[in-house]
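Below: the structure, in structure tokens.
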Amino acid sequence: RLLQDVAEDDLIIEYVGEVLDREMLQRRLQRSKVSGANDWYCLAISEDQFIDSREKGNVSRFINHSCSPNCRAEQWTVNGH
């Protein structure tokens, strides 16, 4: 829950983590199942790119974990990246 009001289209926080391709994502998911890890935080940014925020993320990974999500993700390109 936010502690202050935000206007529609305001930037709340940057979603951060490790960028993975589909193959690496599948390997990590498999390792998580084997190790019994139940928590997984991942954002698809394209058909073959994902941001894994479990180990190197921030609190943004908890956004929209709700029955009534009210935020959206935007993908930005900065200096060609």
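The values are calculated or read from the model by the stated rules, or taken from the named source; none is laboratory data. Keep in mind it's a predicted model, so treat the numbers as computed, not measured. The protein model used for the area step is the full one, side chains on, heavy atoms only, and it has no ligands, DNA or RNA in it. Shrake-Rupley method; radii C 1.70, N 1.55, O 1.52, S 1.80 Å.
Computed values, structure above
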| read-out | value |
| --- | --- |
| Accessible-area composition of the chain, carbon plus sulfur, in percent [1.4 Å probe] | 48 percent |
| Solvent accessible area, Å² - Val78, 1.4 Å probe, full protein context | 90 Å² |
| Å² per residue, accessible surface of the chain at 1.4 Å | 86 Å² |
| Dimensions (Å) - the chain, Cα atoms, principal axes, largest first | 42, 33, 20 |
| Rounded tilt (10° steps) of 22-35 against the dominant C-alpha axis of the chain | 70 degrees |
| ³J(HN,Hα), Karplus 6.51/-1.76/1.60, whole Hz, each residue of segment 63-78, x for Gly, Pro | 5, 6, 8, 8, 6, 10, x, 9, 10, 9, 9, 10, 9, 10, 10, 10 |
| Amide H contacts under 5 Å for Ile45, placed H, 5+ residues apart | Phe50, Ile51 |
| Accessible heavy-atom area order of Glu8, Glu55, highest first, probe of 1.4 Å | Glu8, Glu55 |
